[in-house]
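The values are calculated or read from the model by the stated rules, or taken from the named source; none is laboratory data. All of these numbers come straight from a predicted model, not from anything done at the bench. When we count neighbours, we look across all protein chains shown, and the Cβ atoms used for this are built from the backbone with ideal geometry, even at glycine.
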Amino acid sequence: MSTPEELLDLAVRTARAAGRMLVEDRPAAGPDVVQTKSSPTDVVTQMDRAAEKLIIERIRAERPDDAFLGEEGGESAGASGVRWVIDPIDGTVNYLYDLPDWAVSIAAERDGTAVAGAVVLPRRGELFTATLGGGAFLESAAGRRRLHVNADVPLASALVATGFGYSAARRAHQARVLTGVVPHVRDIRRGGSACNDLCALAAGRVDAYYERGVQAWDVAAGALIVTEAGGRVEGLNGAPTSPEFAMAAGPGTFEALHALLAPLDPAHD
Ligand code: IPD
């Protein structure tokens, strides 16, 4: 049976390889959109598909009995108890527009619990990692450092990251929720990559994050990185994170943001 550290090593090598390919092979004129999903702006590029294929092939070559869940359809069962949850490009719209905040996100779950997570931001030269019980770390040109969320940040001083879904009806309600949040916090950030938002929270670059509509592949690695950095990642009223709703923050800030958000009904369209 592999340890979380061994699973993390494979996640890191694979995410780095996919990140290199995504930088080197990105067509100069921009990647082709090959499909739209929930709305005309919810796009899949040829590079999302190529990266997911690379990731699954590489992991399967070393671990043929594992299961997979990938954003671009790569779902398959396995017999080992380990499942890989993959977002080949989180922040696809940023990638499409050649903005730097997009990431390759790979988490390994054992019996349904995330035990290792790697998030690579190739254009920023950053690698975020965590293992269950082993802490969260950021590696970059500046070196390697252990991550700690900001705790007990009063809401009025809190920088809050969020995101929007792709459907117009959902966005209209998300905008209403936002009008209930903005007057009470330092400011809002909409970076365009949920897993990067979570890594930014772990690194103390924002103080909180919330969003309706994120899927398991968007948050599996980032959520482990936040909890290993001392943060809470949950749905409303103690529910687990789900596509209904996800929020994350350090202790103290989490409870205050929850009290602000819950009456705004952020888990419905
Ligand atoms: C999206 C990004 C975005 C979030 C959306 C996600 P994708 O993931 O994480 O920040 O607001 O909800 O769908 O489509 O780029 O993998």
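Worth pointing out:
- In segment 29-43, the residues that are free of Cβ contacts under 8 Å to residues at least 12 places away in the same chain reach residues that are within 13 Å of the ligand (Cβ to nearest atom) and assigned to a loop (DSSP other than H, G, I, E, B) with C-beta atoms within less than 7 angstrom, at least six apart or across chains, in these pairs: THR36/ASP42.
- When the strands (runs of 3 or more DSSP E) confined to segment 1-90 are screened for residues that are modelled with pLDDT under 95, those reaching at least 2 such residues are found at 33-36, 43-45.
- Among residues of segment 225-260, those that are within 16 Å of the ligand (Cβ to nearest atom) and outside any loop (DSSP other than H, G, I, E, B), counted: 6
- Verdict on THR129 being within 16 Å of the ligand (Cβ to nearest atom), touching a Phe, Trp or Tyr at 6+ places or on another chain (Cβ under 9 Å) and among the hydroxyl-bearing types (Ser, Thr, Tyr): no
- Every residue from segment 97-117 that is modelled with pLDDT of 95 or more and away from the ligand (no atom under 16 Å from the Cβ): ALA108, GLU109, ARG110, THR113, ALA114, VAL115, ALA116
- The residues of segment 142-157 that are surrounded by fewer than 16 Cβ atoms within 10 Å (Cβ to Cβ), on the phi < 0 side of the Ramachandran plot and not charged (D, E, K, R), listed by number, are ALA142, ALA151, PRO154, ALA156, SER157.
- Within segment 46-96, tally of residues that are away from the ligand (no atom under 15 Å from the Cβ), under 21 Å from PRO4 (Cβ atoms) and small (Gly, Ala, Ser): 6
- Residue check, ALA168 aliphatic (A, V, I, L, M) and at pLDDT below 95: yes
- Here segment 167-197 is the region considered, the condition is being of a type in the set (A, V, I, L, M, F, W, C) and away from the ligand (no atom under 14 Å from the Cβ), and the residue that is nearest to ALA103 (Cα to Cα) is ALA168.
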